[in-house]
Amino acid sequence: MNKTATCELLLFVSGEDGLSLTELSGLTELSKQACQQQIEHLREKYQSDEESALTIIETAGKYKMATKETFADLLKNYAKTPLNQSLSKSALEVLSIVAYKQPITRLEIDLLRGVNSSGVIATLRAFDLIEKKGELEAPGRPSLYGTTEFFLDYIGINDLTDLPEIDETEFLAEKQILFNESEENDENQ
């Protein structure tokens, strides 16, 4: 087996955890010095290859495969897209409320959820799933939120009438059951 390819493979599969020289040496049955030489060889290979986006870094005594710094902006943009991140339960809950109740204010969302939703709303706006649709004609002129065209594309429907129908009384009853279970779990801990 090729020593360099073996080290490369192990660094690849270790992901963001990485491997120390001791771990790499134990897995490959090479000395630490030989592993260090293979890592340096890989590092030089990646740096000299302009068609490769990879490099080897060392952090906290562990070696990891990473992308070259020149790709940082591209990866930041990629990581921001909701298609590449799973939404939290809170975000899905707020998104559902906005989809079914729009236009709706943050305060109305908070009252339905029982918790502050400003952070989740900011996240959903950053992902372009919801947007400000106007302002309520009331003191303080609170923002009204609704879903975006990207939201429709994200969930794969043509318009909001394609959303599944829900029985609001059943929804509120299920929410109360979940709330009671959550309180019981908190008391038992």
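The values are calculated or read from the model by the stated rules, or taken from the named source; none is laboratory data. None of the values given here were measured: they were computed from a predicted structure. Glycine gets a Cβ as well: all are built from the backbone with ideal geometry, and neighbour counts include every protein chain shown. Heavy atoms of the whole protein, side chains included, go into the accessibility calculation; ligands, DNA and RNA do not. Shrake-Rupley method; radii C 1.70, N 1.55, O 1.52, S 1.80 Å.
Residues in the stretch 17-59 that are under 19 Å from residue 70 (Cα atoms) and part of a helix (DSSP H, G or I): 42, 43, 44, 45, 46, 47, 48. Looking only at the stretch 99-119, which residues are within 22 Å of residue 156 (Cα to Cα) and assigned to a helix (DSSP H, G or I)? Of everything in the stretch 99-119, those that are within 22 Å of residue 156 (Cα to Cα) and assigned to a helix (DSSP H, G or I) turn out to be 99, 100, 101. Of the candidates 118, 86, the single residue that is at pLDDT below 95, open to solvent by 70 Å² or more (accessible area, probe 1.4 Å) and hydroxyl-bearing (Ser, Thr, Tyr) is 86. For the stretch 56-73, filtered to residues that are open to solvent by 70 Å² or more (accessible area, probe 1.4 Å) and in contact with a strand residue (DSSP E or B) (Cβ under 9 Å, 6 or more places away or on another chain), the residue that is farthest from residue 10 (Cα to Cα) is 69.
Of the candidates 86, 96, the single residue that is assigned to a loop (DSSP other than H, G, I, E, B), under 26 Å from residue 154 (Cβ atoms) and small (Gly, Ala, Ser) is 86. Within the stretch 14-24, the set of residues being exposed (fewer than 14 other Cβ atoms within 10 Å of the Cβ) and at pLDDT 90 or above comprises 22 only. Residues in the stretch 17-68 that are among the polar types (S, T, N, Q) and touching a residue at least 40 places away in the same chain (Cβ under 8 Å): 20, 59. Among residues of the stretch 91-101 being in contact with a helix residue (DSSP H, G or I) (Cβ under 8 Å, 6 or more places away or on another chain) and not basic (Lys, Arg), the one that is most open to solvent (accessible area, probe 1.4 Å) is 93. Taken as a whole, the structure places residue 129 among residues that are touching a residue at least 24 places away in the same chain (Cβ under 8 Å) and surrounded by 14 or more Cβ atoms within 10 Å (Cβ to Cβ).
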